[in-house]
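The values are calculated or read from the model by the stated rules, or taken from the named source; none is laboratory data. On a predicted model such as this, the values are computed, not experimentally measured, just so you know. Using ideal geometry, Cβ is built from the backbone for each residue, glycine included, and neighbour counts are taken over all protein chains shown.
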Amino acid sequence: MTDLNALIQDLVIANRILAREEVVDAYGHVSVRHPDNPHHFLIARSLAPELVGPEDIVELDLDGQPVRHEGPSLYLERFIHAAIFAARPEVMAVVHAHAEDTLPFGIVERTKLRPVIHSGSFIGSEVPVWDIADKFGDTNLLVTNMAQAEDLADCLGGNNVALMRGHGFAAAARSLIEVVRLSVYLPRNARALMRALQLGGEIKCLSQGEIEARNRGYSPYSVETWRTWEYWANKAGCSHLLTRPDDRLPKP
Ligand code: MN
């Protein structure tokens, strides 16, 4: 199997995992930068992530336009991916979703979403909140053009996640496995924080040192990361699409 085909299979797995873990439903999407052309990325056509197969993957450029014309209908909010890939050369994978547990933190100004559980460390120490109304006034809240997406990418800056007020979040990472993991743990971290706030008292977030310690020496193809990917793929009913990581793992 070529690298490109293997990556397309990984992208299908990512779609199915995000659906099974309820990060996405009929809406929400995940993309990966093209391995041979950094100015292109791969994403599904307009389809619920749970239903995505390898034949549904299309190639878009960094304006969010299809590389091949007369293609299928595309996600209205594909510009989010285009703008983040354009702004962040090191980012290889992007997720946009509406996971409910993240929404309160995009609406309330006083309480910020911060990592409070060990697996929440992947979201990073800062989670900015982007409000489309700041620059674009009354819209339908969807990111439907490059100007809006570039403003979102600006707000994201060098962080891993930006919340989108009254809408959802955008997440960026160096690999598909990482962006999926980040997107699965983001709502869980938000839920833990929400419950802690309900208990009352002082909230103890992960320290900067703890966040750094968890990310130190990290490899997307470590045995531990692969274990999670394999578990989630199996749970999502697509373990048959897994390409073995043996050739990606560092040799002992
Ligand atoms: Mn959306």
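A few remarks follow.
- Of all residues in segment 24-37, none that is part of a loop (DSSP other than H, G, I, E, B) has its Cβ atom under 9 Å from the Cβ atom of a residue that is modelled with pLDDT under 95 and within 13 Å of the ligand (Cβ to nearest atom), 6 or more apart or on another chain.
- Between E22, E50, E55, the distinction of being over 19 Å from V91 (Cα atoms), over 18 Å from the mean Cα position of the chain (by Cα) and of a type outside the set (S, T, N, Q) belongs to E55 only.
- Tally, over segment 69-90, of residues that are away from the ligand (no atom under 12 Å from the Cβ) and buried (at least 24 other Cβ atoms within 10 Å of the Cβ): 4
- Unmet criterion (only one of (1) at pLDDT below 95; (2) of a type in the set (G, A, S); (3) within 16 Å of the ligand (Cβ to nearest atom)) for A133: (1)
- Residues satisfying the stated conditions in segment 144-190, i.e. assigned to a helix (DSSP H, G or I) and under 18 Å from P38 (Cβ atoms): M146, A149, E150, A153, L176, E178, V179
- Sole exception among (1) farther than 23 Å from A147 by Cβ; (2) not in a loop (DSSP other than H, G, I, E, B) for P72, by number: (2)
- Meets criteria (within 14 Å of the chain's Cα centre (by Cα) and among the hydrophobic types (A, V, I, L, M, F, W, C)) for A86: no
- S125 away from the ligand (no atom under 14 Å from the Cβ) and within 30 Å of L242 (Cβ to Cβ): no
- Identity of the residue in segment 38-58, assigned to a helix (DSSP H, G or I) and in contact with a Leu (Cβ under 6 Å, 6 or more places away or on another chain), that ends up surrounded by the fewest Cβ atoms within 10 Å (Cβ to Cβ): D56
- Scanning segment 130-143 for residues that are farther than 17 Å from F105 by Cα and under 18 Å from the mean Cα position of the chain (by Cα), we see that the one that is surrounded by the most Cβ atoms within 10 Å (Cβ to Cβ) is V143.
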